[in-house]
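The values are calculated or read from the model by the stated rules, or taken from the named source; none is laboratory data. As the structure is a prediction and not an experimental result, all values here were calculated from the model. Backbone-built Cβ (ideal geometry, glycine too); neighbour counts: all protein chains shown.
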Amino acid sequence: MSEPLRVVVLVSGSGTNLQALLDAASDPSYPVSVVAVGADRDAIEGLARAERAGIPTFVHRVPDFETREAWDEALTASVSSFEPDLVVSAGFMKLVGDAFLSRYAGRFLNTHPALSPSFPGMHGPADALAYGVKVSGCTLFVVDSGVDTGPIVAQAAVPVLDGDSAESLHERIKTSERAMLVEAVGRIAREGFSVDGRVVRFGR
Ligand code: GRF
């Protein structure tokens, strides 16, 4: 069997998407290895999940750097030291800069809790709810220099229910998001993928 896909995951919070990848990767038939987990803050459950799984972690806090560029370069260097094939931002609440984007162009994915191109930004579930949509969902995309604008790898639709709060909708979305992420990263590992303009296709 060929080597598993080496993945670095970036987190900022609870890390349930990371956990879904870790759980999937504990099955040898899932051809992915989470080789490190990075964060922009300390003492978060996402880092604890990595530590419990025996996976190396690193933290770079923006306020510890003189400039945002210096933070971006430190992040890029730490990620690169693990020689990933793919980097997955799973609830990482920071926009990376030019150094990171150019190093990982086409190999940096992010998951967003809305159906792109609707409701980009930090408050996808709340914005969808306020707009009154009846269907929302999640989007896995190849990160570009915009905010949640990159070419779409996978999406899943989720109903908005009467009485939903932003939190209840987000939790429903996250259930689908975890499954979408595991499935898509598994396909990337098995089949590869390519980006042609805005269109992403699995396969080599
Ligand atoms: C996910 O819904 C992600 O799309 C959003 O934040 C959430 C992170 O959840 N940006 P978790 O940390 O993986 O539990």
Of the residues in segment 31-48, how many are touching a Leu at 6+ places or on another chain (Cβ under 6 Å) and assigned to a helix (DSSP H, G or I)?
1
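This table checks each residue for (1) under 21 Å from residue 180 (Cβ atoms); (2) surrounded by fewer than 18 Cβ atoms within 10 Å (Cβ to Cβ).
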{"position": "23", "(1), (2)": "yes, yes"}
{"position": "33", "(1), (2)": "yes, yes"}
{"position": "38", "(1), (2)": "no, no"}
{"position": "64", "(1), (2)": "no, yes"}
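Would you say residue 104 is under 30 Å from residue 161 (Cα atoms), more than 16 Å from the ligand (Cβ to nearest atom), modelled with pLDDT of 95 or more and not β-branched (Val, Ile, Thr)? Give the steps one after another, and end with the answer.
Values: under 30 Å from residue 161 (Cα atoms): no; more than 16 Å from the ligand (Cβ to nearest atom): yes; modelled with pLDDT of 95 or more: yes; not β-branched (Val, Ile, Thr): yes.
Criteria not met by residue 104.
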Looking at (1) more than 16 Å from the ligand (Cβ to nearest atom); (2) out of contact with any strand residue (DSSP E or B) (no Cβ under 8 Å at 6 or more places or on another chain); (3) in contact (Cβ under 8 Å) with a residue 12 or more places away in the chain, can you tell me which one residue 28 breaks?
(3)
Only residues that are in contact (Cβ under 8 Å) with a residue 60 or more places away in the chain and under 17 Å from the mean Cα position of the chain (by Cα): list them for segment 83-108, please.
84, 85, 86, 87, 88, 89, 90, 91, 92, 93, 94, 106
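Can you tell me which residues in segment 162-177 are touching a strand residue (DSSP E or B) at 6+ places or on another chain (Cβ under 9 Å) and touching a residue at least 40 places away in the same chain (Cβ under 8 Å)? Before you say what the answer is, go through the steps one by one.
Step one: filter segment 162-177 for residues touching a strand residue (DSSP E or B) at 6+ places or on another chain (Cβ under 9 Å), giving 169, 172-177.
Matches in segment 162-177: 169, 173, 174, 177.
Within the group 83, 73, which residue is acidic (Asp, Glu), more than 15 Å from the ligand (Cβ to nearest atom), closer than 23 Å to residue 144 by Cα and surrounded by 15 or more Cβ atoms within 10 Å (Cβ to Cβ)? Please lay out each step first, then the result.
Details: 83 fails: surrounded by 15 or more Cβ atoms within 10 Å (Cβ to Cβ).
It is 73.
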Considering residues that are more than 14 Å from the chain's Cα centre (by Cα) and buried (at least 22 other Cβ atoms within 10 Å of the Cβ), the number found within segment 131-168 is 3
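Has segment 183-196 got any residue that is within 15 Å of the ligand (Cβ to nearest atom), outside the structural domain of residue 3 (by TED's automatic domain parsing), under 27 Å from residue 39 (Cβ atoms) and at pLDDT 95 or above? Reasoning before the result, please.
We begin by selecting, within segment 183-196, every residue within 15 Å of the ligand (Cβ to nearest atom); these are 184-185.
Right, trim to outside the structural domain of residue 3 (by TED's automatic domain parsing) and you get 184-185.
From what's left, under 27 Å from residue 39 (Cβ atoms): 184-185.
Filter once more, so that each one left must be at pLDDT 95 or above: 184-185.
Yes, because at least one residue in segment 183-196 is within 15 Å of the ligand (Cβ to nearest atom), outside the structural domain of residue 3 (by TED's automatic domain parsing), under 27 Å from residue 39 (Cβ atoms) and at pLDDT 95 or above.
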Every residue from segment 107-157 that is among the small types (Gly, Ala, Ser), assigned to a helix (DSSP H, G or I) and more than 14 Å from the ligand (Cβ to nearest atom):
130
Can you work out which of the residues in segment 1-21 that are surrounded by fewer than 16 Cβ atoms within 10 Å (Cβ to Cβ) and not hydroxyl-bearing (Ser, Thr, Tyr) is nearest to residue 179 (Cα to Cα)?
3
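Can you tell me which residue within segment 1-30, out of those that are of a type outside the set (Ser, Thr, Tyr) and part of a loop (DSSP other than H, G, I, E, B), is nearest to the chain's Cα centre (by Cα)? Write out each step before concluding.
Going through segment 1-30, the residues of a type outside the set (Ser, Thr, Tyr) turn out to be 1, 3-11, 13, 15, 17-25, 27-28.
Checking which are part of a loop (DSSP other than H, G, I, E, B) leaves us with 1, 3-4, 13, 15, 27-28.
Numbers: 1: 26, 3: 22, 4: 18, 13: 12, 15: 10, 27: 20, 28: 22 Å.
By that ranking, first place goes to 15.
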Failed item in (1) in contact (Cβ under 8 Å) with a residue 12 or more places away in the chain; (2) more than 15 Å from the chain's Cα centre (by Cα); (3) not assigned by TED's automatic domain parsing to the domain that holds residue 136, with residue 117 passing the rest
(3)
Can you spot a residue in segment 183-198 that is touching a residue at least 40 places away in the same chain (Cβ under 8 Å) and part of a strand (DSSP E or B)?
yes
